[in-house]
1. When you scan region 334-451 for helices (runs of 4 or more DSSP H) that lie fully inside it, which ones turn up with 2 or more residues that are over 34 Å from the mean Cα position of the chain (by Cα) and within 30 Å of Asp125 (Cβ to Cβ)?
2. Taking the condition of being hydrophobic (A, V, I, L, M, F, W, C), over 17 Å from Thr295 (Cβ atoms) and touching a residue at least 60 places away in the same chain (Cβ under 8 Å), how many residues in region 175-211 meet it?
3. When region 331-380 is examined, which residues are found to be acidic (Asp, Glu) and surrounded by 18 or more Cβ atoms within 10 Å (Cβ to Cβ)?
4. Examine region 272-280 for a residue that is part of a helix (DSSP H, G or I), over 30 Å from Leu323 (Cα atoms) and in contact with a Leu (Cβ under 9 Å, 6 or more places away or on another chain), and state whether such a residue exists.
5. For residues that are surrounded by 17 or more Cβ atoms within 10 Å (Cβ to Cβ) and not in a helix (DSSP H, G or I), tally how many sit in region 133-150.
6. Tell me the residue from Arg313, Arg328, Arg284 that is free of Cβ contacts under 8 Å to residues at least 60 places away in the same chain, of a type outside the set (Ser, Thr, Tyr) and not assigned by TED's automatic domain parsing to the domain that holds Gln224, please.
7. Of the conditions (1) assigned to a helix (DSSP H, G or I); (2) surrounded by 15 or more Cβ atoms within 10 Å (Cβ to Cβ), Val195 clears all except one; give me its number.
8. Out of Arg288, Arg313, Arg308, which single residue is of a type outside the set (Phe, Trp, Tyr), outside any helix (DSSP H, G or I) and at negative phi?
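The values are calculated or read from the model by the stated rules, or taken from the named source; none is laboratory data. Note that the structure is predicted; figures quoted are calculated from it, not measured. Please note: Cβ atoms are built from the backbone with ideal geometry, for glycine as well, and neighbour counts cover all protein chains shown.
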Amino acid sequence: MPELINTPAPTVPVAPDKHYRVVGLKVSNVKKIKAIDISPTTDVVTVGGKNGAGKSSLLDSLAYAIGGAAMVCERPIREGQSEAHIAVDLGDFIITKSFSANSGAKLKIALRDGTAVSSPQTILDKLCSKLAFDPMEFTRMEGPKMADTLRKLVNLDFTALDSKRKEVYDKRTDTNRTLAQKKAQLAGKTVHEGVPAEEVSVKALMADLSILRAHNRNNDLVKQTAEQTKLAHSSIAHDIEIVAVEIEALKKQILDKEAEKGKMLEELNKIAANVASTQDAVDRLAYRDETPITTQIEEADTINAKVRQNQERSRLVTEIEQLEVVERDHTKHLERIDREKATALENAKFPTPGLTFSDTGVMLDGQPFSQANTARQIEASMNIAIAMNPKLRIVFVRNGSLVGKEGHEQIAAIAKAKDIQVWTELLTEDPESDAKCSVVIVDGNSAPKEA
């Protein structure tokens, strides 16, 4: 038997300088579509029809086939059917997407001779990234969402910087809140002049007072002793007088009394010497004034209260100075983050001159995008769409009836100049409007165009 050789499936070479667009589209049983076969030859493919005819279903079919599984809705198969098929002819190869109620979705890419190629999803990933981007829908986005879309396009992810900025901003807010509280507290503090830096020690003053009082009590004892000596002296002198009288009255006892008198005189002489010495001690006594210390003790509480208030105020001043340093550091950090973001924005390659973004929205020609000239809005949005899919030049404009005549003309001009294919929906209600469409859908089928 001849040897069997397994030949690997070929791959599609996606040329770096080649652009692709749809040259044929066949759809059957996708959402409201029954059967559509269209071979677009113009830059703008207008899909017309009444509400509910299947216009959006046709554009969705193209997105399902090329855009990947994430773009497919929950029930792509037309109600009442078990299978749906989409075939997109891009010239060099054909993309086929099939849906089955039993086996799910299948993707296939084949060369023009029918040869299937390997890694079909990888090929699609190289061709497009944001097929669902609608430039007209972009012009109607809210500022933050618009800015986020543009930020992702130019690959400027400020998530980390914005997170850090918010962290620093919140810290600065907390610091400023504390700083304001401290300043409010400081404003209510009175500066007391003429008081010491530290509180007066009442304990020390009480100790000094105790020493003074002990000294003065000792003086009182000396004085009391002197008074008692004087009293004793007076008492004995009085007794001598009585004895003298008794001597006169009791002459017969004179001898005894003379003897007694002699003894008493001896005692009197001794006491007289003591009287002189004690009086001399009394004369030398010097009392010390307690008033200064008692006054200091009485004033200590008032002074100490002022000292504490001054110390509290000094502490607040120090805390405020420290908080002001922290607040300045936070502000410098925020400024560094803002400069880094500004530098990144300056170096970013935007698809349209004059286009940039901030945290709150997109700017065009130096003003908010929504306030820019309508023609410039359309031009910028179309360039964004082209930048998102540089290889597969397909752009969707849903709800094309909202664009207006001038808008359609500008889109057509850009499509021709930039070699892109625009697929747009148009609500039609009369034959004249139908005649302007590339394909008119009636009840899920393409209606024959009148000659």
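1. 374-388, 405-418
2. The qualifying residues number 4.
3. Scanning region 331-380 gives a single hit, Glu379.
4. No, that holds for no residue.
5. Matching residues across region 133-150 total 3.
6. The unique qualifying residue is Arg328.
7. Unmet for Val195, out of (1) assigned to a helix (DSSP H, G or I); (2) surrounded by 15 or more Cβ atoms within 10 Å (Cβ to Cβ): (1).
8. Arg288
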